[in-house]
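Presented below is the structure to which this report refers.
The values are calculated or read from the model by the stated rules, or taken from the named source; none is laboratory data. Computed from a predicted structure; not experimentally measured. Neighbour counts run over all protein chains shown; Cβ positions are idealised from the backbone, glycine included.
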Amino acid sequence: MDSSSLQTKILGHRHCDDEATYWSVIYENSVPDIVAAVCSLLMMHDGNQAEEKERVLKTCLFLRDLVINAPDHSCRSEFREQLYDCDIPACLEALLKSSCFAIRDQAIFTLGKIYAQDSVAALQQYALMCKESDPLLLPSLLFEINWLSDEYQYDWIEQHLLTSPSYLTRWSVLMILDEIALLPEDKEWSRYCELVESLCYDSHIQVSREAKYIKSDLELTARYYDKRKSAQGDEAEQLMQAEDEEREMLEENSPLCFNTILMAFVSEMQRGGRPDYNVGELEAFVEHYVSSM
């Protein structure tokens, strides 16, 4: 299959009716040819931003499916073996400089899903560069950095994000932390709680409100976790029910969260056909959102 036909086949992945037949056609190509086609699709610039976005998103989806979900085959095995030594991770890293929010987001997501551990440095570098200018991507960035490095970035968060002059950057930390699943018995629990506690005193009211809400939820979790350790049978079931009831009461008074703002703002961007944003626009959106609550 020539290069142009292979690229067309890659972009048509989600439109195929027969997955087995589709992948058997892909597997007829050599791994170097597949790599070259993916790289070309990721880096092609034709001046049409909407088409570029669609092409990159489809290519990222194909890449994730090939690595994670595609049927077993010697071609797939060879591709996975060569993935981290080929140009694909570097092409994804280059997309972090895109002027399209969705492309940057998909590049980050895909680097995580293909487990590109050598890309941690590039993700950290972008996080440093964009921490005030692109706060909406910080939760995705830190989630994938945590995943790829197998290490929670608490010191990095404290040093670079909690000290930011931008309340949106500091607010994003609460979503970053909320995506980390911990129990009171975990060794990182106290460090996690310390970071949440520090934001309870933030100068911006939306940040401090969400931090106090999360702190209350953590305290509730810890209190019932200790009680359940020695409980059995009916007592354990009663404690679980009591915890659920308390959590429901807490959620009834939940404040505005960074995650809510992120989803609402991105949805508005998509409806308006806007490829990107700036912090001034995001701040104005938050002010309007809060005033309309």
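Identify the residue in the stretch 31-51 that is in contact (Cβ under 8 Å) with a residue 24 or more places away in the chain and of a type in the set (S, T, N, Q) and, among all such residues, is nearest to Ser98 (Cα to Cα). The selected residue is Gln49. Screening Ser166, Ser190 for residues that are small (Gly, Ala, Ser) and within 30 Å of Glu252 (Cβ to Cβ) leaves exactly one candidate, Ser190.
Residue-wise test of (1) in a helix (DSSP H, G or I); (2) surrounded by 15 or more Cβ atoms within 10 Å (Cβ to Cβ).
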residue	(1), (2)
Glu235	yes, no
Ala264	yes, no
Pro275	no, yes
Tyr289	yes, yes
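Here Ser77 meets the list (1) closer than 27 Å to Ile10 by Cα; (2) buried (at least 17 other Cβ atoms within 10 Å of the Cβ); (3) small (Gly, Ala, Ser) almost entirely, failing just condition (2). For the stretch 234-249, check the following and say yes or no: at least one residue is more than 30 Å from Gln49 (Cα to Cα), in the same structural domain as Ser166 (by TED's automatic domain parsing), among the small types (Gly, Ala, Ser) and out of contact with any Phe, Trp or Tyr (no Cβ under 6 Å at 6 or more places or on another chain). Yes, because at least one residue in the stretch 234-249 is more than 30 Å from Gln49 (Cα to Cα), in the same structural domain as Ser166 (by TED's automatic domain parsing), among the small types (Gly, Ala, Ser) and out of contact with any Phe, Trp or Tyr (no Cβ under 6 Å at 6 or more places or on another chain). In the stretch 23-35 there is no residue matching the filter, namely being within 24 Å of Tyr126 (Cα to Cα) and of a type in the set (A, V, I, L, M, F, W, C). The single condition among (1) surrounded by 16 or more Cβ atoms within 10 Å (Cβ to Cβ); (2) in a helix (DSSP H, G or I) that Leu182 does not satisfy is (2).
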